[in-house]
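Novice: Okay, here's the structure, questions in a sec.
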Amino acid sequence: MSDNINLKEIWNRQEVAIPNIQNLYDNVNQLKKLNLLKLIGITITGITTIIFISFIWYFYQPKLITTKIGILLSIISIVIYVIAHNSMLSFLFKKNRAINNKDYLQLLIKLKEKQLFLQTRTLNTFFILFSLGISLYLFEFTLKMSILLGAVIYTTTLVWIAINWFYFKPLIIKKQNTKIDQLLLKFKEISNQISN
């Protein structure tokens, strides 16, 4: 066995894994389809909830102004949330026919920025307004209950809001960010390989 080993030659002979660009495009299109389905679900759920809340207002005819303000805040929070999510439609319907890797990378970066906006400002605004709306809405009903039952109702509602805020919200955000971060990383690698 020879002690004269040419490391440079061995290094140059190794096979470099070239990522399949079509698979990446398919992954981006799949992500866009999932976001579109989620957007449709959010819109339908939001509209249905607004109709349901409006029926409650119309048929129940609340007497206290706090209940009316609570209903309005709930409706406003849902409208803000749905409109903000619908701002992603331009990204989801953009045609990708003659798009190159750098353009795809820019599209993913824009999607990431929109998701960050939705995950922070929009979601926080929604949670604050909706939580306040529910709290004000429940006030009229809890006045008719015993203090203990009213405290249980408010505590249960606030615990459910806290679980959504501190557990489900970060979990969903992490899942969304993981998908797009993986695609961003792959497209950045391809762009760097092409530019080098």
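Novice: Starting from the Cα-Cα distance between Leu89 and Thr66, subtract it from 0.36 nm times their residue separation and give me the gain in nm to one decimal.
Specialist: Working: separation 23, 0.36 × 23 = 8.28 nm, distance 3.56 nm.
Gain on extension, Leu89 to Thr66, equals 4.7 nm.
Novice: If one computes the Cα centroid of the range 120-190 and of the range 23-102, what distance in Å separates the two points?
Specialist: The range 120-190 and the range 23-102 have Cα centres separated by 16 Å.
Novice: Hey, another quick one. Hand me the trypsin sites (Lys or Arg not before Pro) from the range 114-163 located in a DSSP loop with no more than 14 other Cβ atoms within 10 Å, in residue order please. Write down the numbers at each step before the final one.
Specialist: Values: sites: Lys114, Arg121, Lys144; in loops: Lys144.
Sparse-neighbourhood loop trypsin sites (Lys or Arg not before Pro): Lys144.
Novice: So between Ile47 and Glu113, what do we pick up on full extension, going 0.36 nm a residue minus the alpha carbon distance? Walk me through the numbers on the way to the answer.
Specialist: Details: separation 66, 0.36 × 66 = 23.76 nm, distance 2.57 nm.
Roughly 21.2 nm would be gained on extension.
Novice: Can I ask one more? Using each residue's phi in the range 78-93, evaluate 6.51 cos²θ - 1.76 cosθ + 1.60 at θ = phi - 60° and report the 3J(HN,Hα) Karplus result to the nearest Hz, with x for Gly and Pro.
Specialist: Result, ordered by residue: 5, 4, 4, 4, 5, 4, 5, 5, 5, 5, 7, 4, 4, 6, 6, 9 Hz.
Novice: Rank the residues Trp57, Trp160, Trp165 as a footprinting-exposure proxy: fewest other Cβ atoms within 10 Å of their Cβ go first. Could you put the intermediate results ahead of the total?
Specialist: On the way: Trp57 18, Trp160 12, Trp165 15.
Taking fewest neighbouring Cβ atoms as first place, the list is Trp160, Trp165, Trp57.
Novice: Further, regarding this structure: Could you run the Karplus curve 6.51 cos²θ - 1.76 cosθ + 1.60 with θ = phi - 60° over the range 63-73 and give me ³J(HN,Hα) per residue in whole Hz, x for Gly and Pro?
Specialist: Calculated HN-Hα couplings, in order: 9, 7, 5, 4, 5, 5, 5, x, 5, 4, 4 Hz.
Novice: Going by how many other beta carbons lie within 10 Å of each one, how would you line up Glu140, Glu189, fewest first?
Specialist: Working: Glu140 17, Glu189 12.
If I rank by nearby Cβ atoms, fewest first, I get Glu189, Glu140.
Novice: Using the count of nearby Cβ atoms within 10 Å as a rough guide to exposure, how do Ser87, Ser146 rank from fewest to most?
Specialist: Numbers: Ser87 13, Ser146 9.
Fewest-to-most ranking of Ser87, Ser146: Ser146, Ser87.
Novice: Taking the Cα centre of the range 49-194 as origin and charging only Cβ (+1 Lys, Arg; -1 Asp, Glu), how large is the dipole, in debye to the nearest 20? Kindly include the intermediate steps, with their values, before the conclusion.
Specialist: Numbers: 17 positive and 5 negative charges, 103 e Å.
So the dipole magnitude of the range 49-194 works out to roughly 500 debye.
Novice: Still on this structure, I have one more. Taking the Cβ-Cβ separation of Ser54 and Lys102 as r and a Förster radius of 45 Å, what is the calculated FRET efficiency to the nearest 0.05? List each step's numbers first, then the result.
Specialist: Numbers: r = 47 Å, r/R0 = 1.05.
Given R0 = 45 Å and the Cβ-Cβ separation, E is 0.45.
Novice: Follow-up. Treat each spin label as a single point 7 Å out from the Cα along the C-beta direction, and report the Lys174 to Tyr154 distance in nm.
Specialist: 3.3
Here, each number is a calculation from the coordinates, and none is a lab measurement. Here the structure is a predicted model, which means the values were calculated and not measured. As a convention, Cβ positions derive from the backbone with ideal geometry for all residues, glycine included, and neighbour counts pool all protein chains shown.
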